[in-house]
Structure formats: structure tokens, C-alpha cells
Amino acid sequence: MKSGELIAEIRKFRGKTRQELASLLGVSKQRMSAIESASDVSLSMMQRICATLDFEIIAFPIESRPAKQSADITLSEPEKE
């Protein structure tokens, strides 16, 4: 899954439209569309998006990933305090 596709999935899971997320990030809807179409998103933009959508990404070095297994992504609601 490309970085942009992951962002789109998280956005939809959080119930936000592309326009809503773009407004929260201070970018245009067109820029948000380009981000969601990208195969690679900058770390700073990914951090901004994750903070805005209250989502945490945990990265693992490539060498620590199990061989020949696809990554599983589980989306869940943030814990309420």
C-alpha cells in the first residue's frame, strides 16, 4: 500500500472528507489529493496528518519485518481518557 493510500484510508476511517482534512492542515484540496495519490509522503507531512487525525504510526526497520509477509494495518478508535 502506498503512503498516500494509507492516508486516504485513515482519513475515511476518521470520517473526514478530503476538503476537511485539507482545511485542518492548511493546504488546498488539490494538494491533499496529490498527497493521497503519492507513493511516498514526507515524514513531516505524515506526522502532521497523523497528529491531525489522532493516529499513531509505528515504523519498523525493513530488516526486522518477517520475510514474504504483507503488512497488516489495523485501524481503531483512539482511547478515551
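Assorted remarks:
- Charge sum, other residues only, whose C-beta stays under 14 Å from A51's C-beta, Lys/Arg counted +1 and Asp/Glu -1: +2
- The Cβ shell under 9 Å around A22 holds other residues with a net charge of +2, Lys and Arg each +1, Asp and Glu each -1.
- Extension gain, R31 back to E56 (0.36 nm per residue minus Cα-Cα distance, nm): 6.8 nm
- Global form of segment 3-55, assessed from the alpha-carbon gyration tensor, a/c cut-off 1.5: rounded
Only the coordinates and a few stated rules stand behind these numbers; no lab work does. Keep in mind that what you see is a predicted model, and the values were worked out from it rather than measured. As a convention, Cβ positions derive from the backbone with ideal geometry for all residues, glycine included, and neighbour counts pool all protein chains shown.
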